Each structure stands twice: as structure tokens, then as C-alpha cells.
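Read-outs: derived from the displayed coordinates by stated rules, not from any lab. Since the model is a prediction, treat every value here as computed from it, not as a measurement. Because the Cβ atoms are built from the backbone with ideal geometry, glycine has one as well, and the counts that use them run over all protein chains shown.
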Amino acid sequence: MTDTHPVAVVTGAGSGLGRHIARALADDGYRVVLIGRRAEALRETAADIPAERALVLPADITDAAAVATTFDAVLNEWGRVDVLVNNAGTFGPAGAVDELSPEQWQQVVDVNLTGAFLCAHHAVRVMKAQDPRGGRIINNGSISAHSPRPASVVYTATKHAITGLTKSISLDGRDYGIACGQIDIGNAATDMTAGIATGARQADGSVKPEPTFDAEHAARAVRYMANLPLEANVQFLTLTATTMPYIGRG
């Protein structure tokens, strides 16, 4: 019998938001493809998902050949892609535009932007060809897609670029039943944001702790976006800790 559970691919699934998102989609009945660099971390995520609905595929999303091989493996195993969550990302080194080396710049661009492009490239090709046709891509942006933190030039630039990627995929996917939206999250509590709760540099040069919120709420927001029928799309969703210094002057 053909398995009718939809297939979701989640990058950065070995920890943080990716782990929460992958498990939330599995709870909704998705077959979930777990992509990340660390096989053991991916297996830890998969431990809470029924074995027949978890596919662990360690891969470096900055490597074009590895991404191509990974999507080939998804097709060989499950035959389609219904949802891609482009979640993998890195803050990279702190620094202003004159302080980062070209190598530091490129490393973050490769993960945050090129990796998202490579995964979307293959997902869209699959979504155009599969039957039934279409699917959904959800890009993890950031509050930094709207406004920078101090000394975050490369992270901010890549997250602004993700917004352009989202809009372009959304437009170009219309004729193929492909929807694309973006979730911009501010201060979800994960290992990646742990330092924010103890002290984050502010625009006035001070360092202050900032409020965070349970990452499970972000996962639920992604679930909502993923589960919409393809004739509806959340183009942009902003989810923050209520009192974080984002709206207004901090």
C-alpha cells in the first residue's frame, strides 16, 4: 500500500528550532527527512519520531553535490517532497563590515543563503515534477531580516537576502502549485540564542539580558504554515518574545 503521509524536509534538524520543528511535523503525521551535519544529533531528533516516518540524512548543505545526493535519496526512499523547511543557519562571528575577513563573510553566506538556495533548488524541481504537483517551502528568516543587531553585518545581510529568496520563490512557484513563506523569529530559547538571555549588546552600546520564549511556540507556528492548503499561504510571519527590544526604541 502506498504511504500517503506527506513528506517534509527539515534542515538543521539536529538541534534547536530544527529539532522542535521536525518533531512537531512528525506529530502531525508527516514523514520527516532530517538533514544536518551531525549524524548522532539527527538520530537523537529521530528518537522521538516513529521509525517508519523518520529519514536521517547527514549532509553539509553548503556542498552542492551533497545536497543533490540528499534529495536523490529522499526521492528514492519516499518519492516526493511536500514541504521544505529551510531552517539551518549560523550567527557566525560578530563584527562590523570592516572587521570581518572575506573568509568569515563567505562562511556565513554559504550556510545561511547558499544552503537555503541549494535546498530550494532541488525541492522546487521535485515539486514541479511530482504527482500531485506542488508543495511548500518555509524559510527561517529572523528579526534580523528586518533590523540588525550591532556587529552582525553578515548575519543581517544573509537574512535580508532570505526575504528576497522567499519572494522570488513565491512568485516563480505560482504556476506550479508551489507556495513559499517566511517565519521571522525573535529570541526563541535554543542553544544558539542562549547568550541573549544573559546579555545582548544593544544599539546604545550597553549589554542587557533579553526575554526569550519557548521554542515550541515557533515549531507550532511552522506547523500552522505547513498545514495550510496550497491555495493559501502565510507570506511572512513574525514571532517574538513579547517584550524583546525590537518594536520602538528598546
Checked region 121-155 for anything without any contact (Cβ under 8 Å) to a residue 24 or more places away in the chain, surrounded by fewer than 19 Cβ atoms within 10 Å (Cβ to Cβ) and closer than 18 Å to Gly92 by Cβ; matches are Pro148
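Taking region 161-191 on its own, how many of its residues are buried (at least 17 other Cβ atoms within 10 Å of the Cβ), over 13 Å from the mean Cα position of the chain (by Cα) and not in a strand (DSSP E or B)? Walk me through it before giving the result.
Our first condition is that a residue be buried (at least 17 other Cβ atoms within 10 Å of the Cβ); within region 161-191, this holds for 161-163, 165-166, 169-170, 173, 178-190.
Keeping just the survivors that are over 13 Å from the mean Cα position of the chain (by Cα) gives 161, 169-170, 173, 178-179, 186-190.
Add one more test, that the residue is not in a strand (DSSP E or B), and what stays is 161, 169-170, 173, 187, 190.
The qualifying residues number 6.
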Those residues of region 203-234 which are assigned to a loop (DSSP other than H, G, I, E, B), free of Cβ contacts under 8 Å to residues at least 40 places away in the same chain and surrounded by 13 or more Cβ atoms within 10 Å (Cβ to Cβ) amount to Glu210, Pro211, Thr212
Looking across region 93-113 at residues that are surrounded by fewer than 18 Cβ atoms within 10 Å (Cβ to Cβ) and of a type in the set (S, T, N, Q), the single one that is nearest to the chain's Cα centre (by Cα) is Gln107
For region 124-179, the count of residues that are closer than 17 Å to Ala232 by Cα, of a type in the set (Ser, Thr, Tyr) and touching a helix residue (DSSP H, G or I) at 6+ places or on another chain (Cβ under 6 Å) equals 1
ask   = Does at least one position in region 60-76 carry a residue that is closer than 28 Å to Lys167 by Cα, of a type in the set (Gly, Ala, Ser) and in contact with an Asp or Glu (Cβ under 7 Å, 6 or more places away or on another chain)?
value = yes
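Looking only at region 30-77, which residues are among the hydroxyl-bearing types (Ser, Thr, Tyr) and in contact with a helix residue (DSSP H, G or I) (Cβ under 9 Å, 6 or more places away or on another chain)?
Within region 30-77, the first condition is being among the hydroxyl-bearing types (Ser, Thr, Tyr), and the residues that meet it are 30, 45, 62, 69-70.
Across region 30-77, the qualifying residues are Tyr30, Thr45, Thr62, Thr70.
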Condition set in contact (Cβ under 8 Å) with a residue 40 or more places away in the chain and of a type in the set (Lys, Arg), scope region 1-56, selection surrounded by the fewest Cβ atoms within 10 Å (Cβ to Cβ): answer is Arg53
